[in-house]
Amino acid sequence: MSPRPWRDRYLVFGAPSFGAEERAALIACLDSGWVGSGPRVAELEERFRARVGAEAAVAVNSGTAALHLALLELRLEPGSEVITTPMTFCATANAIVHAGLRPVFADCDRATQNLDPEALARAITPRTRAIVPVHFAGRPCEMDAIGALAGAHDLRVVEDCAHAIEATIEGRHCGTFGDFGCFSFYVTKNMTTVEGGMLTARTKEAAARLKRRALHGMSADAWRRFSDEGYVHYSVEEPGFKYNLTDLAAALGIVQLGHLEAWWQRRRELWERYLRELADLPLVLPAPFPCGVRHALHLFTCMVDDARTRISRDDVLRGLHALRIGAGVHYTALHLHPYYQKRFGYRRGDFPNAEWIGDRTFSIPLSPAVSDEDAADVVRALRTILS
Ligand SMILES: *Cc1c(COP(=O)(O)O)cnc(C)c1O
(Lines give C-alpha, C1' and ligand atoms only; values in the text may rest on other atoms or scores of the structure.)
Protein backbone atom coordinates (compact mmCIF):
# COMPACT_ATOMS: atom_id res chain seq x y z
CA MET A 1 0.00 0.00 0.00
CA SER A 2 1.41 3.37 -0.89
CA PRO A 3 1.57 6.02 1.85
CA ARG A 4 -0.70 9.03 1.57
CA PRO A 5 0.99 12.29 0.71
CA TRP A 6 0.75 14.96 3.42
CA ARG A 7 2.38 17.88 1.62
CA ASP A 8 0.14 20.16 -0.39
CA ARG A 9 2.99 21.72 -2.38
CA TYR A 10 5.40 19.75 -4.57
CA LEU A 11 8.99 20.25 -3.42
CA VAL A 12 10.77 20.96 -6.70
CA PHE A 13 14.30 19.57 -6.93
CA GLY A 14 16.93 22.26 -7.55
CA ALA A 15 14.52 25.19 -7.39
CA PRO A 16 16.35 28.52 -7.71
CA SER A 17 15.97 31.38 -5.21
CA PHE A 18 14.96 34.77 -6.58
CA GLY A 19 13.96 37.70 -4.39
CA ALA A 20 13.45 41.45 -4.43
CA GLU A 21 17.11 42.13 -5.28
CA GLU A 22 16.96 39.95 -8.40
CA ARG A 23 13.71 41.63 -9.50
CA ALA A 24 15.17 45.10 -8.97
CA ALA A 25 18.37 44.22 -10.87
CA LEU A 26 16.42 42.84 -13.83
CA ILE A 27 14.17 45.88 -14.00
CA ALA A 28 17.14 48.25 -13.72
CA CYS A 29 18.79 46.42 -16.61
CA LEU A 30 15.63 46.57 -18.75
CA ASP A 31 15.21 50.25 -17.94
CA SER A 32 18.86 50.97 -18.81
CA GLY A 33 18.03 50.17 -22.42
CA TRP A 34 21.03 47.81 -22.68
CA VAL A 35 20.12 44.13 -22.27
CA GLY A 36 22.63 42.43 -24.60
CA SER A 37 26.28 41.78 -23.71
CA GLY A 38 27.70 44.91 -22.14
CA PRO A 39 28.72 46.53 -18.87
CA ARG A 40 26.89 44.09 -16.59
CA VAL A 41 28.66 41.16 -18.22
CA ALA A 42 31.99 42.92 -17.64
CA GLU A 43 31.04 43.50 -13.99
CA LEU A 44 30.06 39.86 -13.45
CA GLU A 45 33.30 38.69 -15.06
CA GLU A 46 35.38 40.90 -12.80
CA ARG A 47 33.50 39.95 -9.62
CA PHE A 48 33.63 36.26 -10.41
CA ARG A 49 37.31 36.44 -11.35
CA ALA A 50 38.14 38.14 -8.06
CA ARG A 51 36.07 35.67 -6.06
CA VAL A 52 37.82 32.58 -7.37
CA GLY A 53 41.21 34.27 -7.58
CA ALA A 54 41.67 33.55 -11.30
CA GLU A 55 43.88 35.58 -13.62
CA ALA A 56 41.01 36.15 -16.07
CA ALA A 57 37.34 35.23 -16.56
CA VAL A 58 35.05 35.19 -19.59
CA ALA A 59 31.26 34.97 -19.28
CA VAL A 60 29.45 32.67 -21.71
CA ASN A 61 25.88 31.51 -22.18
CA SER A 62 26.30 28.00 -20.71
CA GLY A 63 28.70 25.73 -18.89
CA THR A 64 28.71 23.56 -21.99
CA ALA A 65 29.90 26.52 -24.09
CA ALA A 66 32.67 27.10 -21.53
CA LEU A 67 33.84 23.48 -21.88
CA HIS A 68 33.67 23.62 -25.67
CA LEU A 69 35.69 26.85 -25.92
CA ALA A 70 38.27 25.68 -23.38
CA LEU A 71 38.82 22.39 -25.18
CA LEU A 72 39.18 24.15 -28.55
CA GLU A 73 41.66 26.58 -27.03
CA LEU A 74 43.96 23.64 -26.22
CA ARG A 75 44.54 23.39 -29.99
CA LEU A 76 44.97 19.62 -29.97
CA GLU A 77 45.26 17.43 -32.99
CA PRO A 78 41.82 16.11 -34.02
CA GLY A 79 41.07 12.74 -32.46
CA SER A 80 43.43 13.27 -29.50
CA GLU A 81 42.32 11.40 -26.39
CA VAL A 82 40.87 13.35 -23.48
CA ILE A 83 40.29 11.47 -20.24
CA THR A 84 37.28 12.19 -18.08
CA THR A 85 34.97 10.43 -15.64
CA PRO A 86 31.87 8.48 -16.67
CA MET A 87 30.18 9.84 -13.53
CA THR A 88 29.22 13.22 -14.92
CA PHE A 89 26.58 15.06 -16.90
CA CYS A 90 26.66 14.31 -20.63
CA ALA A 91 27.82 17.88 -21.44
CA THR A 92 31.34 17.07 -20.20
CA ALA A 93 31.94 14.33 -22.77
CA ASN A 94 29.71 15.85 -25.47
CA ALA A 95 31.93 18.95 -25.43
CA ILE A 96 35.01 16.76 -25.95
CA VAL A 97 33.29 15.23 -29.00
CA HIS A 98 32.27 18.68 -30.32
CA ALA A 99 35.89 19.84 -30.03
CA GLY A 100 36.83 17.02 -32.42
CA LEU A 101 38.53 15.00 -29.67
CA ARG A 102 38.00 11.48 -28.34
CA PRO A 103 36.53 11.06 -24.87
CA VAL A 104 38.18 8.26 -22.89
CA PHE A 105 36.63 7.35 -19.57
CA ALA A 106 38.49 6.35 -16.43
CA ASP A 107 36.51 5.04 -13.48
CA CYS A 108 35.66 7.09 -10.43
CA ASP A 109 36.18 6.28 -6.78
CA ARG A 110 33.10 4.84 -5.06
CA ALA A 111 33.40 6.96 -1.95
CA THR A 112 34.31 10.36 -3.41
CA GLN A 113 32.55 9.69 -6.75
CA ASN A 114 35.42 11.65 -8.37
CA LEU A 115 37.92 10.53 -11.01
CA ASP A 116 40.19 7.95 -9.38
CA PRO A 117 43.83 9.01 -9.99
CA GLU A 118 44.92 5.35 -10.27
CA ALA A 119 42.31 4.59 -12.91
CA LEU A 120 43.30 7.84 -14.63
CA ALA A 121 46.96 6.77 -14.71
CA ARG A 122 45.97 3.43 -16.28
CA ALA A 123 43.91 5.18 -18.98
CA ILE A 124 46.80 7.32 -20.24
CA THR A 125 48.09 6.25 -23.67
CA PRO A 126 50.57 7.82 -26.12
CA ARG A 127 47.55 9.59 -27.71
CA THR A 128 46.32 11.20 -24.48
CA ARG A 129 46.57 15.01 -24.53
CA ALA A 130 44.24 16.30 -21.81
CA ILE A 131 42.26 15.50 -18.67
CA VAL A 132 38.83 16.89 -17.74
CA PRO A 133 38.32 16.30 -14.01
CA VAL A 134 34.79 16.99 -12.75
CA HIS A 135 34.46 18.18 -9.15
CA PHE A 136 31.45 15.95 -8.65
CA ALA A 137 28.62 17.18 -6.43
CA GLY A 138 30.95 20.00 -5.35
CA ARG A 139 33.70 17.79 -3.89
CA PRO A 140 37.14 18.87 -5.16
CA CYS A 141 39.03 16.22 -7.12
CA GLU A 142 42.49 15.15 -5.98
CA MET A 143 44.20 17.93 -7.91
CA ASP A 144 47.67 17.11 -6.50
CA ALA A 145 47.59 13.64 -8.00
CA ILE A 146 45.92 14.81 -11.22
CA GLY A 147 48.39 17.68 -11.59
CA ALA A 148 51.33 15.30 -11.05
CA LEU A 149 50.08 12.94 -13.77
CA ALA A 150 49.44 15.87 -16.11
CA GLY A 151 52.97 17.15 -15.47
CA ALA A 152 54.58 13.75 -15.98
CA HIS A 153 52.76 13.10 -19.28
CA ASP A 154 52.58 16.68 -20.57
CA LEU A 155 48.77 16.79 -20.49
CA ARG A 156 46.52 19.83 -20.37
CA VAL A 157 43.80 20.11 -17.72
CA VAL A 158 40.31 21.59 -18.13
CA GLU A 159 38.33 21.53 -14.89
CA ASP A 160 34.58 20.99 -15.05
CA CYS A 161 33.51 23.18 -12.12
CA ALA A 162 29.78 23.11 -12.87
CA HIS A 163 29.11 21.84 -9.34
CA ALA A 164 32.02 23.55 -7.67
CA ILE A 165 31.66 27.34 -7.58
CA GLU A 166 32.54 27.50 -3.87
CA ALA A 167 34.97 24.58 -3.77
CA THR A 168 38.55 25.09 -2.58
CA ILE A 169 41.59 23.00 -1.67
CA GLU A 170 43.79 24.64 0.98
CA GLY A 171 42.11 27.93 0.13
CA ARG A 172 42.76 27.68 -3.60
CA HIS A 173 39.63 27.66 -5.77
CA CYS A 174 38.68 24.85 -8.09
CA GLY A 175 39.01 26.23 -11.61
CA THR A 176 42.48 27.65 -10.95
CA PHE A 177 44.42 24.37 -10.86
CA GLY A 178 44.11 23.50 -14.54
CA ASP A 179 44.57 25.48 -17.74
CA PHE A 180 40.89 26.45 -17.70
CA GLY A 181 37.97 26.27 -15.27
CA CYS A 182 34.43 25.85 -16.62
CA PHE A 183 31.51 26.96 -14.47
CA SER A 184 27.76 26.69 -15.06
CA PHE A 185 24.98 29.07 -14.05
CA TYR A 186 22.19 26.73 -15.12
CA VAL A 187 18.95 26.97 -13.11
CA THR A 188 19.74 24.14 -10.69
CA LYS A 189 23.33 25.20 -9.98
CA ASN A 190 24.55 26.96 -6.82
CA MET A 191 23.96 30.33 -8.49
CA THR A 192 22.05 30.93 -11.70
CA THR A 193 21.61 33.32 -14.60
CA VAL A 194 18.90 30.88 -15.88
CA GLU A 195 21.32 29.83 -18.62
CA GLY A 196 24.93 30.92 -18.40
CA GLY A 197 28.46 30.02 -17.50
CA MET A 198 31.97 31.31 -16.85
CA LEU A 199 35.41 30.35 -18.06
CA THR A 200 38.46 31.06 -15.97
CA ALA A 201 41.84 31.24 -17.66
CA ARG A 202 45.47 31.51 -16.60
CA THR A 203 46.30 34.47 -18.82
CA LYS A 204 44.54 37.58 -20.06
CA GLU A 205 45.69 36.74 -23.59
CA ALA A 206 43.94 33.35 -23.50
CA ALA A 207 40.83 35.04 -22.08
CA ALA A 208 40.84 37.62 -24.90
CA ARG A 209 40.98 34.84 -27.51
CA LEU A 210 38.17 32.97 -25.77
CA LYS A 211 36.05 36.09 -25.60
CA ARG A 212 36.49 36.73 -29.31
CA ARG A 213 35.65 33.14 -30.15
CA ALA A 214 32.54 33.35 -27.95
CA LEU A 215 31.19 36.15 -30.16
CA HIS A 216 31.51 35.15 -33.81
CA GLY A 217 35.29 35.62 -33.82
CA MET A 218 34.71 39.35 -34.12
CA SER A 219 37.47 41.80 -33.15
CA ALA A 220 37.65 43.13 -29.61
CA ASP A 221 34.72 44.87 -27.96
CA ALA A 222 32.35 44.07 -30.79
CA TRP A 223 29.47 44.55 -28.37
CA ARG A 224 30.26 48.25 -28.32
CA ARG A 225 29.40 48.65 -31.96
CA PHE A 226 25.94 50.01 -31.27
CA SER A 227 26.75 51.87 -28.04
CA ASP A 228 26.55 55.62 -27.48
CA GLU A 229 30.20 55.89 -28.54
CA GLY A 230 28.97 55.64 -32.10
CA TYR A 231 29.21 52.85 -34.63
CA VAL A 232 32.48 50.90 -34.53
CA HIS A 233 33.61 48.75 -37.47
CA TYR A 234 34.67 45.21 -36.63
CA SER A 235 36.60 42.50 -38.42
CA VAL A 236 36.04 38.75 -38.29
CA GLU A 237 39.26 37.03 -37.27
CA GLU A 238 37.92 33.46 -37.28
CA PRO A 239 34.53 31.69 -37.47
CA GLY A 240 33.52 31.95 -33.82
CA PHE A 241 30.45 30.87 -31.91
CA LYS A 242 27.38 32.58 -30.46
CA TYR A 243 28.26 31.91 -26.83
CA ASN A 244 28.03 35.38 -25.29
CA LEU A 245 26.11 36.03 -22.07
CA THR A 246 23.53 38.83 -22.01
CA ASP A 247 23.51 41.77 -19.60
CA LEU A 248 20.03 40.72 -18.48
CA ALA A 249 21.44 37.35 -17.41
CA ALA A 250 24.51 39.00 -15.87
CA ALA A 251 22.26 41.34 -13.86
CA LEU A 252 20.80 38.23 -12.23
CA GLY A 253 24.27 36.70 -11.83
CA ILE A 254 25.73 39.73 -10.03
CA VAL A 255 23.00 39.52 -7.38
CA GLN A 256 23.20 35.72 -7.11
CA LEU A 257 26.99 35.88 -6.69
CA GLY A 258 26.44 38.08 -3.66
CA HIS A 259 24.25 35.39 -2.05
CA LEU A 260 26.75 32.54 -2.52
CA GLU A 261 28.26 32.58 0.95
CA ALA A 262 25.00 32.73 2.90
CA TRP A 263 23.48 30.11 0.65
CA TRP A 264 26.46 27.79 1.15
CA GLN A 265 25.99 28.16 4.92
CA ARG A 266 22.31 27.28 4.57
CA ARG A 267 23.09 24.21 2.48
CA ARG A 268 25.63 23.19 5.12
CA GLU A 269 22.86 23.22 7.77
CA LEU A 270 20.67 21.07 5.53
CA TRP A 271 23.63 18.81 4.73
CA GLU A 272 24.41 18.18 8.41
CA ARG A 273 20.77 17.64 9.22
CA TYR A 274 20.40 15.05 6.45
CA LEU A 275 23.61 13.28 7.58
CA ARG A 276 22.26 13.13 11.14
CA GLU A 277 18.66 12.21 10.44
CA LEU A 278 19.22 9.70 7.63
CA ALA A 279 22.15 7.90 9.32
CA ASP A 280 20.15 4.83 10.37
CA LEU A 281 18.45 4.24 7.01
CA PRO A 282 19.81 1.68 4.49
CA LEU A 283 21.54 4.43 2.50
CA VAL A 284 25.15 5.25 1.73
CA LEU A 285 25.45 8.97 2.48
CA PRO A 286 28.14 11.40 1.21
CA ALA A 287 31.63 10.63 2.52
CA PRO A 288 33.23 13.05 5.02
CA PHE A 289 35.60 15.69 3.61
CA PRO A 290 39.34 15.64 4.16
CA CYS A 291 40.58 18.60 6.14
CA GLY A 292 41.67 21.63 4.13
CA VAL A 293 38.98 20.96 1.54
CA ARG A 294 35.89 23.07 1.03
CA HIS A 295 33.08 21.10 -0.60
CA ALA A 296 30.67 23.26 -2.62
CA LEU A 297 27.71 21.19 -1.31
CA HIS A 298 25.94 21.17 -4.66
CA LEU A 299 24.31 17.72 -4.52
CA PHE A 300 23.39 15.59 -1.53
CA THR A 301 23.59 12.13 -3.06
CA CYS A 302 22.20 9.05 -1.32
CA MET A 303 22.85 5.53 -2.54
CA VAL A 304 20.42 2.76 -1.74
CA ASP A 305 22.40 0.12 0.18
CA ASP A 306 21.16 -3.11 -1.35
CA ALA A 307 22.92 -5.14 1.37
CA ARG A 308 20.39 -3.71 3.83
CA THR A 309 17.17 -3.30 1.83
CA ARG A 310 15.25 -4.92 -1.01
CA ILE A 311 13.79 -1.56 -2.06
CA SER A 312 15.30 -0.35 -5.31
CA ARG A 313 16.46 3.16 -6.21
CA ASP A 314 13.62 3.53 -8.68
CA ASP A 315 11.16 2.49 -5.93
CA VAL A 316 12.59 5.33 -3.84
CA LEU A 317 12.21 7.81 -6.73
CA ARG A 318 8.59 6.73 -7.26
CA GLY A 319 7.91 6.88 -3.52
CA LEU A 320 9.36 10.39 -3.18
CA HIS A 321 7.36 11.60 -6.16
CA ALA A 322 4.14 10.12 -4.71
CA LEU A 323 4.89 12.02 -1.48
CA ARG A 324 5.38 15.22 -3.49
CA ILE A 325 9.13 15.43 -3.15
CA GLY A 326 11.30 15.99 -6.21
CA ALA A 327 14.58 14.10 -6.56
CA GLY A 328 17.34 13.84 -9.14
CA VAL A 329 19.64 11.11 -10.46
CA HIS A 330 23.26 12.24 -10.79
CA TYR A 331 23.98 10.30 -12.93
CA THR A 332 23.49 7.17 -14.97
CA ALA A 333 27.12 6.38 -15.89
CA LEU A 334 27.82 8.09 -19.21
CA HIS A 335 29.33 5.05 -20.95
CA LEU A 336 25.96 3.27 -20.62
CA HIS A 337 24.21 5.76 -22.91
CA PRO A 338 23.60 4.55 -26.46
CA TYR A 339 25.76 7.15 -28.23
CA TYR A 340 28.85 6.36 -26.15
CA GLN A 341 28.28 2.62 -26.54
CA LYS A 342 27.76 2.73 -30.30
CA ARG A 343 30.43 5.24 -31.16
CA PHE A 344 33.19 4.20 -28.73
CA GLY A 345 32.27 0.57 -27.97
CA TYR A 346 31.82 0.99 -24.21
CA ARG A 347 29.85 -1.69 -22.36
CA ARG A 348 28.38 -2.41 -18.96
CA GLY A 349 31.18 -3.79 -16.83
CA ASP A 350 33.79 -1.32 -18.12
CA PHE A 351 33.58 1.06 -15.14
CA PRO A 352 32.21 -0.85 -12.14
CA ASN A 353 32.32 2.01 -9.65
CA ALA A 354 30.48 4.48 -11.88
CA GLU A 355 27.91 1.77 -12.65
CA TRP A 356 27.55 0.90 -8.96
CA ILE A 357 26.86 4.57 -8.16
CA GLY A 358 24.62 5.15 -11.19
CA ASP A 359 22.42 2.17 -10.33
CA ARG A 360 21.86 3.25 -6.72
CA THR A 361 22.12 7.01 -6.48
CA PHE A 362 19.47 9.66 -6.01
CA SER A 363 19.82 13.29 -4.93
CA ILE A 364 17.47 15.00 -2.50
CA PRO A 365 16.57 18.71 -2.44
CA LEU A 366 19.46 20.81 -1.12
CA SER A 367 18.92 24.40 -2.18
CA PRO A 368 18.46 27.49 -0.01
CA ALA A 369 14.81 27.36 -1.14
CA VAL A 370 14.41 24.23 1.07
CA SER A 371 12.86 25.25 4.43
CA ASP A 372 13.29 23.37 7.72
CA GLU A 373 9.78 21.97 7.24
CA ASP A 374 10.66 20.82 3.72
CA ALA A 375 13.80 19.09 5.03
CA ALA A 376 11.74 17.38 7.75
CA ASP A 377 9.35 16.16 5.05
CA VAL A 378 12.24 14.78 2.97
CA VAL A 379 13.50 12.80 5.99
CA ARG A 380 10.01 11.61 6.89
CA ALA A 381 9.34 10.54 3.31
CA LEU A 382 12.58 8.53 3.12
CA ARG A 383 11.77 6.88 6.48
CA THR A 384 8.31 5.98 5.24
CA ILE A 385 9.64 4.53 1.98
CA LEU A 386 12.65 2.67 3.37
CA SER A 387 11.26 1.15 6.57
C1 LIG B 1 25.35 21.51 -15.57
C2 LIG B 1 26.58 20.80 -15.96
C3 LIG B 1 27.28 21.12 -17.13
C4 LIG B 1 26.75 22.02 -18.21
O5 LIG B 1 26.35 23.24 -17.79
P6 LIG B 1 25.22 24.03 -18.65
O7 LIG B 1 25.32 25.41 -18.10
O8 LIG B 1 23.92 23.37 -18.35
O9 LIG B 1 25.60 23.96 -20.07
C10 LIG B 1 28.51 20.52 -17.36
N11 LIG B 1 29.02 19.62 -16.50
C12 LIG B 1 28.36 19.26 -15.39
C13 LIG B 1 29.00 18.26 -14.46
C14 LIG B 1 27.12 19.81 -15.08
O15 LIG B 1 26.46 19.42 -14.00
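The values are calculated or read from the model by the stated rules, or taken from the named source; none is laboratory data. All of these numbers come straight from a predicted model, not from anything done at the bench. Every residue, glycine among them, receives a Cβ derived from its backbone with ideal geometry; neighbour counts consider all protein chains shown. Ligands, DNA and RNA are excluded from the accessible area calculation, which covers all protein heavy atoms including side chains. Shrake-Rupley method; radii C 1.70, N 1.55, O 1.52, S 1.80 Å.
Report the equivalent ellipsoid semi-axes for the range 1-139 in whole Å, largest first, defined as the square roots of five times the eigenvalues of the gyration tensor built from alpha carbon atoms.
Working from the Cα gyration tensor, I get semi-axes of 34, 27, 13 Å.
Considering only protein heavy atoms, what per residue accessible area in square angstrom results for the chain with a 1.4 angstrom probe?
Ligands and nucleic acids excluded, the figure is 44 Å² per residue.
Once you've got the GNM for the chain with C-alpha springs shorter than 10 Å, pick whichever of LEU278, LEU115, LEU199 has the biggest mean-square fluctuation.
Greatest mean-square fluctuation among the candidates belongs to LEU278.
Taking H placed 1.01 Å from N in the peptide plane, check which residues at least 5 places from ILE325 or on another chain put their amide H under 5 Å from its amide H.
LEU11
If you stretched the chain out fully between ARG110 and SER227, how much longer would it get, using 0.36 nm times the residue separation minus the C-alpha to C-alpha distance?
Length difference between fully extended and current span is 36.8 nm.
Working out 0.36 nm times the residue gap between GLU170 and CYS291, then minus their Cα-Cα distance, what length gain in nm do you get to one decimal?
42.7 nm
Just order 10-20, 52-62 by mean Cβ neighbour count inside 10 Å, highest at the front, would you?
Highest-to-lowest ranking by the protection proxy: 52-62, 10-20.
Under a GNM of the chain (C-alpha, springs under 10 Å), which listed residue has the highest mean-square fluctuation: ASP228, ASP144, ASP350?
The residue with the greatest mean-square fluctuation here is ASP228.
At what distance in nm do the modelled label points of ARG51 and HIS153 sit from each other, each positioned 7 Å from its Cα along Cα→Cβ?
Going from the ARG51 label point to the HIS153 one covers 3.3 nm.
Between ARG308 and ARG347, take the C-beta separation as r, use R0 = 25 Å, and let me know the FRET efficiency to the nearest 0.05.
0.30
Restricting attention to the range 212-300, which GluC sites (Glu not before Pro) occupy a DSSP loop and are surrounded by at most 13 other Cβ atoms within 10 Å?
Those that pass, being in a loop and sparsely packed, are GLU229.
In percent, how large is the relative contact order of the range 76-180, given Cα pairs closer than 8 Å and 6 or more residues apart?
This gives 24 percent for the range 76-180.
Just need the relative contact order of the chain here, percent rounded to a whole number, with Cα pairs under 8 Å and 6+ apart.
Worked out over the chain, it gives 23 percent.
For a quick check: with amide H placed at 1.01 Å from N, whose amide H comes under 5 Å from HIS330's, ignoring anything fewer than 5 positions away on the same chain?
SER363
Using only alpha-carbon positions, what ratio does the radius of gyration of the chain give when scaled by 2.2 N^0.38 Å?
The chain yields a ratio of 1.01.
May I ask you to give the percent of accessible area on the chain that is carbon plus sulfur, with a probe radius of 1.4 Å?
On the way: 8940 of 16970 Å².
Accessible surface attributable to carbon and sulfur in the chain totals 53 percent.
Just flag the GluC sites (Glu not before Pro) in the range 152-222 sitting in loop per DSSP whose Cβ has no more than 12 other Cβ atoms within 10 Å.
GLU170
For the chain, modelled as a Gaussian network with Cα springs under 10 Å, which listed residue fluctuates most, THR203, THR84, THR332?
So, out of THR203, THR84, THR332, the one fluctuating most is THR203.
Please compute one quarter of the surface area of the Cα convex hull for the range 125-204 and express it in square nanometres.
Mean projected area of the Cα convex hull: 6.0 nm².
How big is the antiparallel share of DSSP beta bridges in the chain, given as a percent to the nearest 5?
The antiparallel proportion sits near 60 percent.
So which lysines pass the test for LYS204, namely a Cα distance under 30 Å, with those fewer than 8 places away in the same chain ruled out?
Those lysines meeting the cut-off are LYS189, LYS242.
For ALA56, which sequence-distant residues (separation of 5 or more, or a different chain) have an amide H within less than 5 Å of its own amide H, given hydrogens modelled in the peptide plane?
ALA201
Each residue of the range 194-209 in order: what ³J(HN,Hα) in whole Hz does its phi give by Karplus 6.51 cos²θ - 1.76 cosθ + 1.60, θ = phi - 60°, with x for Gly and Pro?
Couplings: 6, 10, x, x, 9, 10, 10, 10, 7, 9, 5, 5, 4, 4, 5, 5 Hz.
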